[in-house]
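*Asks:* Following this message is one structure expressed as structure tokens.
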Amino acid sequence: MTIRLVLLGRQGSGKGTQGARLAVHYGIAHISTGEMLRNAIKHDSPVGRVVKDVIDQGRLVADDLIASLVKGRLGEADARTKGYLLDGFPRTLPQAHAMDEIARARPVNIVVDLEVPREVVMARLSARLAAEGRADDSPAAVEQRLALYEQQTAPLIAHYRRQGTLAVVDGLGTPDEVFARLVSVITSTTGVQGAGGDGKASR
Ligand code: AP5
Ligand code: MG
């Protein structure tokens, strides 16, 4: 069985932190749409120029653009042969429908909603603003991102619950505690054991 996983969760819930560790643990590709877009901006590519202001203001990039980036990435050898973890996509219903189509032949087999309350993610993101200065961690952009989560992304939880692939995991506690919970759910759902260890090997 190959793991094809979607990680849902509020901004700051730990998708990037846990996604990196789970990818090492299970030997799968970690595909973060936010990282792909930030890289495009860093390299001043045509996509980067289109999305820079949208991201800095905490708005969402157009569904068609993001779906075509993901489709291309999922066609690469590592994702096709080893499996993947999607972090940050889909995050609107049209994107979820596009993903259902993209993965029609080999569907996503587990969707994990990493649950962290709004007050806690706000504290995490303001700490990151102080430490790293990420433009979209400013108070105004965080407000906008969290509002878009409630409007556009939260409905995906019902979508995947209907499909029977949803697992909800408590994202509170230390990163090690959250990682252990995730591994327990993913391994019991998919039957894939993973490499063992704490997923920190590549750090
Ligand atoms: P993206 O990069 O996906 O950002 P995000 O969803 O806003 O989420 P974050 O990356 O901020 O949070 P995370 O859940 O990954 O948490 P993390 O592990 O970093 O997207 C950025 C932008 O790109 C979007 O706003 C949009 O404009 C665009 N975009 C991307 N995908 C798109 C799509 N599909 N459609 C349209 N537009 C799209 O953790 C957060 C902080 O908390 C870190 O500092 C971390 O160290 C800390 N932390 C993590 N776990 C813990 C813990 N257990 N305890 C304490 N602190 C913790
Ligand atoms: Mg992230």
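Only the coordinates and a few stated rules stand behind these numbers; no lab work does. All values derive from a computational prediction rather than experimental measurement. Positions of Cβ are generated from backbone atoms using ideal geometry, with glycine treated the same way; all protein chains shown enter the neighbour counts.
*Asks:* Can you give the FRET efficiency for THR174 and ALA195, using 1/(1 + (r/R0)^6), R0 = 25 Å, r = Cβ-Cβ distance, to the nearest 0.05? The partial results should precede the final answer.
*Replies:* Values: r = 21 Å, r/R0 = 0.84.
Computed FRET efficiency for THR174 and ALA195 comes out at 0.75.
*Asks:* What is the Cα centroid distance between region 172-189 and region 24-43, reported in whole angstrom?
*Replies:* 21 Å
*Asks:* Okay, helix-only estimate at 222 nm for the chain: each DSSP H run of n ≥ 4 adds -39500 (n - 2.57), divide by all residues, round to 500 deg cm²/dmol; what do you get? Can you show the working numbers first?
*Replies:* Numbers: 10 runs with 111 residues, N = 203.
Mean residue ellipticity, 222 nm, calculated: -16500 deg cm²/dmol.
*Asks:* One-quarter of the Cα convex hull surface for region 115-156, in nm²?
*Replies:* Details: hull surface 12.1 nm².
If you wrap the Cα atoms of region 115-156 in a convex hull and average its projections, you get 3.0 nm².
*Asks:* At R0 = 30 Å, how high is the FRET efficiency between ALA147 and GLU76 if r is their beta carbon distance? Nearest 0.05 is fine.
*Replies:* On the way: r = 33 Å, r/R0 = 1.12.
So, using R0 = 30 Å, E works out to roughly 0.35.
*Asks:* Here is a follow-up. In nanometres, what is the gap between the two model label sites at SER68 and SER126, each 7 Å from Cα along Cα-to-Cβ?
*Replies:* In this crude spin-label approximation the distance works out to 4.0 nm.
*Asks:* Could you work out the relative contact order of region 1-160, using alpha carbon pairs under 8 angstrom and six or more residues apart, expressed as a whole percent? Display every interim value, and only then the final one.
*Replies:* Numbers: 204 pairs, mean separation 61.9, N = 160.
Result for region 1-160 is 39 percent.
*Asks:* Which order, highest average first, do 97-107, 80-90 follow once you tally other Cβ atoms within 10 Å for each residue and take the mean per peptide?
*Replies:* On the way: 97-107: 13.9, 80-90: 21.3.
For the peptides 97-107, 80-90, the packing ranking is 80-90, 97-107.
*Asks:* May I pose another question? Between THR2 and ARG59, what is the label-point separation in nm under the 7 Å Cα-to-beta-carbon projection?
*Replies:* Going by the 7 Å Cα→Cβ label model, 3.7 nm.
*Asks:* Anything in the chain that counts as a DSSP H helix reaching 20 Å or more along its axis (C-alpha) with Kyte-Doolittle mean of at least -0.5? List them, would you? Don't jump to the answer; show the numbers that get you there.
*Replies:* Details: long enough: 118-132 (21 Å, 0.25); 175-190 (22 Å, 0.54).
The answer, listed by residue number, is 118-132, 175-190.
*Asks:* Calculate the all-directions average of the projected area of region 113-203's alpha-carbon convex hull, and give it in nm².
*Replies:* On the way: hull surface 29.6 nm².
Directional mean of the projected Cα hull area for region 113-203 stands at 7.4 nm².
*Asks:* Also: More than 26 angstrom separation, counting every C-alpha pair in the chain; what % is that?
*Replies:* Working: 6169 of 20503 pairs.
So the pairs more than 26 Å apart make up 30 percent of the total in the chain.
*Asks:* Ok, one more. Give me the extension gain from THR187 to GLU119: residue separation times 0.36 nm, minus the current Cα-Cα distance, reported in nm with one decimal. Present the calculation step by step, with values, prior to reporting the outcome.
*Replies:* On the way: separation 68, 0.36 × 68 = 24.48 nm, distance 3.00 nm.
Using 0.36 nm per residue and subtracting the Cα-Cα distance, I get 21.5 nm.
*Asks:* Ok, one more. Just the number: Rg to Rh for region 57-159, Cα atoms, Kirkwood Rh, two decimals. Provide the component values of the computation, followed by the final result.
*Replies:* On the way: Rg = 15.3 Å, Rh = 15.3 Å.
Rg divided by Rh gives 1.00.
*Asks:* What are the radius of gyration and Dmax of region 68-126, computed over its Cα atoms and given in Å?
*Replies:* In order Rg, Dmax, the Cα atoms of region 68-126 give 14.2, 41 Å.
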